[in-house]
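The values are calculated or read from the model by the stated rules, or taken from the named source; none is laboratory data. Keep in mind it's a predicted model, so treat the numbers as computed, not measured. Every residue, glycine among them, receives a Cβ derived from its backbone with ideal geometry; neighbour counts consider all protein chains shown. Calculation scope for accessible area: heavy atoms of the full protein, side chains included, ligands and nucleic acids excluded. Shrake-Rupley method; radii C 1.70, N 1.55, O 1.52, S 1.80 Å.
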Amino acid sequence: MDVRFTTAGDTAFNVEFGEGIDRPTNARVMALHARLKTAAPPGLVETVPTFRSLQVVYDPAVTSRREVQAAVEAELAHAGDAPAEGSLWRLPVCYDAELGPDLAELSASLGLSAGRLIDLHGSTEYFVYMLGFMPGFAYMGDLPAELERPRRSEPRVRVPAGSVATAGRLTTVYPWESPGGWHLIGRCPVPLYDGARPSPVLLAAGDRVRFEAVDRARFDALSAEAAAGRFDPDTLRAAP
């Protein structure tokens, strides 16, 4: 099988499946991730999926790299490339100009009206390839080709939490206020990270997301509910 094992420090290694960002490659990553969650070898601490590789972390006081890698190689023969389908989330987003300060500039640079950009962004079911950068930050693809644009040449020092943004063929929702160089086109009132929830991070690798436009009044109402702890994010999970 065309995989490559690379070292990631003295307690981890990576299982690399390819070089690109695409669904077939990521499906193989997620299939092995799922397999190792249900058939974990002794000493396995965790597995961390990325776009094209799976990081395997182990406890050297319990096992060795050789033993864990041998177990992973054995599981590769059974992992296949069809992991269980993740949850589908319907996330509200307000594309108000105040909440999406890059919407006008981005649409002009793409030769689109703001309305067309919003329609295109909301027309796609996005796939959560991986989480990274900060807790709850989901790298979602695949953005329609018409909306593809490199990151901003000058990143912002502060991006408000909940900002919906695009860069390249990806889109995301910033779960925290942080620096960032993606194009801000709207804002989601639902916290993607909440330490008070049993599972603080809302989205998981392998999940799917659809963005649904709401007006400013609805956005403000949902924001108030979330701030008061009265909003149940599970209401956004589509029935299987």
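Of all the residues in segment 108-143, those that are closer than 15 Å to I21 by Cβ and surrounded by fewer than 16 Cβ atoms within 10 Å (Cβ to Cβ) number 1.
Could you check, for segment 72-80, whether at least one of its residues is at pLDDT 95 or above and in contact with a Gly (Cβ under 9 Å, 6 or more places away or on another chain)? No, there is no match, as no residue in segment 72-80 is at pLDDT 95 or above and in contact with a Gly (Cβ under 9 Å, 6 or more places away or on another chain). Checked against (1) in a strand (DSSP E or B); (2) farther than 25 Å from P49 by Cβ, Y129 passes all but condition (2). Taking the criterion of being over 15 Å from T50 (Cα atoms) and aromatic (F, W, Y), no residue of segment 133-150 qualifies. Residues of segment 76-94 that are open to solvent by less than 30 Å² (accessible area, probe 1.4 Å) and either assigned to a strand (DSSP E or B) or over 21 Å from M140 (Cβ atoms) (or both): L76, A79, L88, W89, L91, P92, V93, C94.
Taking residues in segment 178-196 that are more than 14 Å from R156 (Cβ to Cβ), and partners anywhere that are polar (S, T, N, Q) and open to solvent by 10 Å² or more (accessible area, probe 1.4 Å), the pairs with Cβ atoms closer than 8 Å and at least 6 places apart or on different chains are P189/S223. Are any of the residues in segment 97-115 under 28 Å from A31 (Cα atoms) and not small (G, A, S)? The answer is no; no qualifying residue exists. When G162 is tested against (1) open to solvent by 40 Å² or more (accessible area, probe 1.4 Å); (2) closer than 16 Å to G186 by Cβ; (3) in contact (Cβ under 8 Å) with a residue 12 or more places away in the chain, just one condition goes unmet, and that condition is (1). The lone criterion from (1) of a type in the set (F, W, Y); (2) under 15 Å from W89 (Cα atoms); (3) in contact with a Lys or Arg (Cβ under 9 Å, 6 or more places away or on another chain) left unmet by F219 is number (2). Taken over segment 202-218, residues that are of a type in the set (D, E) and under 15 Å from A238 (Cα atoms) amount to 2.
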